[in-house]
Amino acid sequence: MKAAVITFPGSNCDRDLADAFAKAGADVVRVWHKDTALPAGVDVIGIPGGFSFGDYLRCGAIASRSPIGQAVVDFAGRGGYVLGVCNGFQVLTEMGLLPGALMRNAGLKFISKPVALRVETTDSAFTADYAKGQEIVIPIAHAEGNYQIDAEGLKRLQGEDRVAFRYAANPNGATDDIAGVLSENRRVLGMMPHPERVVEAAQGNADGAALFRALAGVMAGA
């Protein structure tokens with residue numbers, strides 16, 4: 001598996017994300033936001049958490065218009081795998097690769113703590129190594145993690161089994177307790193919690209490792 005991790009001004013989880021991919025056996029390449037093309041042979045793109053461009057305008061809005069943005073959209077359009085975590089999830093919604101929007105937390109405060117998630121589907125390359133209904137603990141760190149989508153969009157997500165993770169106890173007001181969603185082709189995942197922060201026991205638990213391991217397994221079998 002060859003993973004490209006994109007860095008924007010203000011990204012602060014890019015190194016963690018690259019390390020998580022590497023621990024799963026990936027060959028990791030780093031991509032700067034001003035690049036206009038992805039390295040050859042990339043299998044998956046990682047868009048990390050942080051505060052891209054200081055979260056000015058709307059979180060992820062400026063990052064989505066960076067020079068590398070069109071290459072990401074084109075890659076996803078060709079069926080490439082894309083993982084967006086926290087700010088990366090916000091970027092993916094701003095790019096139009098995932099539906100909905102991320103708003104200010106219901107309590108209007110930044111939240112940073114481990115939270116329990118329920119795995120809602122195993123029908124994706126990202127969640128295949130979990131069990132449906134499994135509860136995992138993944139940290140969050142966001143002020144704008146309140147996932148919002150209209151009733152029609154929510155019905156579609158539910159009907160197409162595209163809700164990847166839900167919060168066991170909703171920390172931010174997200175619609176239907178949604179913590180992560182999949183694209184129509186199930187190859188793009190956006191999630192607010194940070195799986196890259198829990199990939200080995202020294203980090204408190206390794207519940208995030210299965211996500212990266214599952215991706216590597218899919219690539220190995222391709």
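Determine whether R78 is open to solvent by 70 Å² or more (accessible area, probe 1.4 Å) and under 22 Å from V218 (Cβ atoms).
Numbers: open to solvent by 70 Å² or more (accessible area, probe 1.4 Å): yes; under 22 Å from V218 (Cβ atoms): yes.
So R78 passes the test.
With respect to A22, determine if the residue is part of a helix (DSSP H, G or I), crowded, with 19+ Cβ neighbours inside 10 Å and at pLDDT 95 or above. Full working, then the answer.
On the way: part of a helix (DSSP H, G or I): yes; crowded, with 19+ Cβ neighbours inside 10 Å: no; at pLDDT 95 or above: yes.
No.
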Inset, instruction - Can you tell me which residue among L97, L38 is farther than 16 Å from S183 by Cβ and either touching a helix residue (DSSP H, G or I) at 6+ places or on another chain (Cβ under 9 Å) or charged (D, E, K, R) (or both)? - result: L38
Legend entry - Pairs, first touching a residue at least 24 places away in the same chain (Cβ under 8 Å) and of a type in the set (S, T, N, Q) in segment 140-169, second in a helix (DSSP H, G or I) and open to solvent by 20 Å² or more (accessible area, probe 1.4 Å), C-beta under 8 Å, six or more apart: Q148/T175
Legend entry - Single unsatisfied condition, Q203 versus (1) touching a residue at least 12 places away in the same chain (Cβ under 8 Å); (2) over 17 Å from the mean Cα position of the chain (by Cα): (1)
Inset, instruction - Just one of (1) more than 17 Å from the chain's Cα centre (by Cα); (2) of a type in the set (A, V, I, L, M); (3) over 26 Å from L57 (Cα atoms) trips up V137, so point out which. - result: (1)
Inset, instruction - Give just the number: which of (1) farther than 20 Å from A22 by Cβ; (2) in contact with a Phe, Trp or Tyr (Cβ under 7 Å, 6 or more places away or on another chain) does A125 not satisfy? - result: (1)
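Quick check, is G54 within 30 Å of A169 (Cα to Cα), outside any loop (DSSP other than H, G, I, E, B) and open to solvent by less than 40 Å² (accessible area, probe 1.4 Å)?
Judged against the criteria, G54 is not a match.
Within segment 25-46, how many residues are more than 23 Å from G217 (Cβ to Cβ) and either at pLDDT below 95 or assigned to a strand (DSSP E or B) (or both)?
Kept after step one, since they are more than 23 Å from G217 (Cβ to Cβ), are these residues of segment 25-46: 30-37.
Those left that are additionally either at pLDDT below 95 or assigned to a strand (DSSP E or B) (or both): 30-32.
Qualifying residue count for the region: 3.
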Inset, instruction - Determine whether segment 104-111 contains at least one residue that is crowded, with 19+ Cβ neighbours inside 10 Å, at pLDDT 95 or above and in contact with a His (Cβ under 9 Å, 6 or more places away or on another chain). - result: yes
Legend entry - Search result, residues across segment 138-192 that are in contact with an Asp or Glu (Cβ under 7 Å, 6 or more places away or on another chain), under 15 Å from A116 (Cα atoms), open to solvent by 10 Å² or more (accessible area, probe 1.4 Å) and among the aliphatic types (A, V, I, L, M): A168
Inset, instruction - With the condition kept exactly as written, say whether any residue in segment 198-220 is of a type outside the set (G, A, S), touching a Leu at 6+ places or on another chain (Cβ under 8 Å), surrounded by 21 or more Cβ atoms within 10 Å (Cβ to Cβ) and within 25 Å of Y56 (Cα to Cα). - result: no
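The values are calculated or read from the model by the stated rules, or taken from the named source; none is laboratory data. Not measured: the values here are computed from a predicted model. All Cβ positions, glycine included, derive from the backbone under ideal geometry; neighbour counts span all protein chains shown. Just so you know, the surface numbers come from the protein's heavy atoms only, side chains and all, with ligands and any DNA or RNA stripped out. Shrake-Rupley method; radii C 1.70, N 1.55, O 1.52, S 1.80 Å.
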